[in-house]
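Coordinate-derived values only; no laboratory data. Just so you know, these numbers come straight off a predicted model, no measurement behind them. Note: ideal-geometry Cβ built from the backbone for every residue, glycine included; neighbour counts use all protein chains shown.
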Amino acid sequence: MTNALGEHIEYLTLPGRNALYRQAISATLRDGDTVADLGCGVGVLGLFCLEAGASHCWGIDSSEAIHLARDTMQRAGMADRYTTIAGSTFRTELPEPVDLIICDHVGYMGFDYGIVRLMQDARQRFLKPGGRMIPEALDLMVAPVSSDVCLQKAAVWGQDPVPEQYHWLETLNRNQRFAYSFEPEELAGAPARLGRIDFAEDAPSLFRFEAVLQIDRAGQFHGFAGWFDCQLAGDVRMTNSPLDPASIRRSQAYFPTLESFAVNAGDEIGITLRFAADGDPIAWTIQPPRNAKRQRLSTFNARALAPEDMSRDQGRPPVLGKVGEARAFVLAQVDGQRTREAIIAKVLEERPDLMPTPDAIREFVETVLKRDCSA
Ligand SMILES: C[S@@+](CC[C@H](N)C(=O)[O-])C[C@H]1O[C@@H](n2cnc3c(N)ncnc32)[C@H](O)[C@@H]1O
C-alpha cells in the first residue's frame, strides 16, 4: 500500500495542479452531469467533480489506489454518488454513457503515458454524444539540450565505475526516453511547438511530428527536451514547461542523441518524433547541421530480449509455460465450494512439484486467487 500512497501524494501536491483541474471542471461541468474518472487513483478528480455538482462519478483504476478512492468517498459522505471500478478502462463497461470524461494521463510529454488511446476508447464507448472531455487537447513542445548533467543519464552505462563488459549497454540506454527536470540554462535554444493532439478527433495509428530546433549558443548538442502544454478546458491550461513560472513542476522528457555533436549559435537541428496512440514505442531522429549523419533512435531498441522474443514463430500454436500450467491447475480447483485453505491443501497434495517449496505453493495460490477470483 505504501506504493500507492507514495505515488499519489506526488500528483496531489504538484504546485497548482489541483487548482487548475478545479477551474477546468468549473468551466466544463454542468449541474447534475455524470462523470467517468479514467485512472482515478485515489479519486481526487472525481471528488472535485462531485463537489462542483456532478450527480454521479464512476472512478476506474487498475491499481490498489482504487480502494483508497472508495474509502475516501465513504468517509466524505459521497459513496452514494461515487462508484469505484477496479480494473482497466479498456475492459470496463459503464451502465450508462456519461456527460464528462476526465483524467490526468499527461506523463512527461503529454502523449507518453498512453492518453491518446485511453481518451479515444473512453470517448467512443463511455461518452454521450456531445459530451465533454478534460483535457481537451495537448500541445507538444520541444527544445534543444546542452547539459553534461543530463547527458550523464544517457551515457552512464558506458562509464566508470560500470565494468567494461557492460559498456555496450550505453547504446541501448541512449534509446530510452528519460524523465528529467531541466533548468532553463540546460536548454540551448528557444522551444518549438512539435504538434497538437485534439482528443475530439480520431487518432491515427501512428503519430509523426517534425520540428526544427534553433540553436542560440555554441556548445555540445545532447538531445532534446519535450514537455506538454495541455488545454484542460478552453483557456485553462496546464504545463510542465521548465520555462514557465506557473509550471506544475513535473519532470520533462529527455530524448538523447546516439552521439553528442558540436553546434554553433544559428545552427538548425531537424528532429522527428513518431509514436503509437498508447505512447510506446517512441522513435526519434536527429539531423545534425552541415549534413552530418542523421541519428535514429527508438525505445524499441532499448528492450532486453528473451530468447523467445527473438525466435517467436507466429504460426506455432502457443503452449503453457511452467507458471501458466501452475496457474491453470490452481484455477481448475476453484469450484465455488472449496475454501481458500481447501484449495491450497489440494494443490499441496496433488501437485507438490508445482513450486520448489510448500511455502512458495501457498504464496502462489494466494496470489492467483486474489488476482483471478472473487470471494
Ligand atoms: C497519473 S495517475 C492519476 C491519478 C489521479 N487521476 C490524479 O489525478 O491524481 C494515473 C492513474 O491511472 C491508472 N491507470 C493507468 N492506466 C489505466 C487504465 N487503462 N485503466 C485504469 N487505470 C489506469 C494508474 O493506476 C494510476 O493510478
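When only alpha carbons are used to place a centre, the stretch 81-150 and the stretch 261-279 end up 26 Å from one another.
Net charge in the neighbourhood of Pro15 (other residues with Cβ under 10 Å of its Cβ; Lys, Arg +1, Asp, Glu -1) is +3. For the stretch 5-162, the gyration tensor built on C-alpha atoms gives a prolate shape. Its axis ratio a/c (a ≥ b ≥ c) is at least 1.5, and a/b is the larger of a/b and b/c. What shape does the chain have by the C-alpha gyration tensor, where a ≥ b ≥ c are the square roots of the eigenvalues, rounded means a/c under 1.5, and otherwise prolate means a/b greater than b/c and oblate the rest? Verdict is oblate for the chain. Taking the chain as a Gaussian network of alpha-carbon nodes connected by springs under 10 Å, the highest mean-square fluctuation of the residues Met109, Met238, Met78 belongs to Met78.
Would you mind putting 268-274, 335-341, 165-171 in packing order, based on average other-beta-carbon counts within 10 Å, highest first?
268-274, 165-171, 335-341
Relative contact order for the chain: 14 percent, from Cα pairs under 8 Å spaced at least 6 residues apart, divided by residue count. Highest mean packing first, where packing is the average number of other Cβ atoms within 10 Å per residue, the peptides 206-212, 360-366 line up as 360-366, 206-212. Residues in the stretch 78-95 carry Karplus couplings, in order, of 10, 4, 6, 10, 10, 10, 8, 10, 8, x, 6, 4, 5, 10, 8, 10, 8, x Hz; the curve used is 6.51 cos²θ - 1.76 cosθ + 1.60 with θ = phi - 60°, and Gly or Pro positions show x.
Can you bin the stretch 218-306 into rounded, prolate or oblate? Criterion: square roots of the alpha carbon gyration tensor eigenvalues sorted a ≥ b ≥ c, rounded for a/c under 1.5, prolate for a/b above b/c, oblate for the rest. Here the stretch 218-306 falls in the oblate category. Given their separation in residues at 0.36 nm each and the Cα-Cα distance between them, Val162 and Ala200 gain 8.9 nm when the chain is fully extended. Taking a sphere under 12 Å around the Cβ of Asp267 and counting the other residues whose Cβ falls inside, with K and R at +1 and D and E at -1, yields a net charge of 0. The stretch between Lys346 and Ser62 holds 99.2 nm of extra length on full extension. This uses 0.36 nm per residue minus the Cα-Cα distance. Other residues whose C-beta falls under 14 angstrom from the C-beta of Gln231 contribute a net charge of -3, scoring Lys and Arg +1 and Asp and Glu -1.
Across the stretch 322-372, C-alpha contacts under 8 Å between residues 6 or more apart give a mean separation that, scaled by the residue count, equals a relative contact order of 40 percent.
Cross-link partners of Lys346 among lysines, defined as those whose alpha carbon lies under 24 angstrom from its own and excluding same-chain residues fewer than eight positions apart: Lys322, Lys370. A Förster radius of 35 Å, combined with the Cβ-Cβ distance separating Lys322 from Glu7, puts the computed FRET efficiency at roughly 0.65.
Averaging sequence separations of C-alpha pairs under 8 Å and six or more residues apart, then dividing by the length of the stretch 138-303, give the relative contact order as a whole percent.
Once normalised by length, the contact order is 28 percent.
3J(HN,Hα) couplings calculated from phi for the stretch 19-25 with the Karplus curve 6.51 cos²θ - 1.76 cosθ + 1.60 (θ = phi - 60°) are, in sequence order, 5, 5, 5, 4, 4, 5, 5 Hz; Gly and Pro show x.
One chain, two ends: Glu183 and Lys128. Fully extended at 0.36 nm per residue, the span grows by 15.5 nm beyond their Cα-Cα distance.
Once the Cβ-Cβ distance of Ala292 and Arg193 is raised to the sixth power relative to R0 = 41 Å, the FRET efficiency obtained is 0.95.
Taking packing as the residue-averaged number of other Cβ atoms within 10 angstrom, the listed peptides 303-309, 136-142, 286-292 run from highest to lowest as 136-142, 286-292, 303-309. Which of the lysines could a cross-linker span from Lys293 if the Cα-Cα distance has to be under 20 Å and same-chain partners fewer than 8 positions apart are dropped? Cα-Cα hits under 20 Å: none found.
Between Leu331 and Asn18, the modelled label-to-label distance comes to 4.1 nm, taking each label 7 Å out from Cα in the direction of the beta carbon. In the chain, the DSSP-assigned H stretches of four residues or longer account for a calculated mean residue ellipticity at 222 nm of -8500 deg cm²/dmol, using -39500 (n - 2.57) per stretch and the full residue count as denominator.
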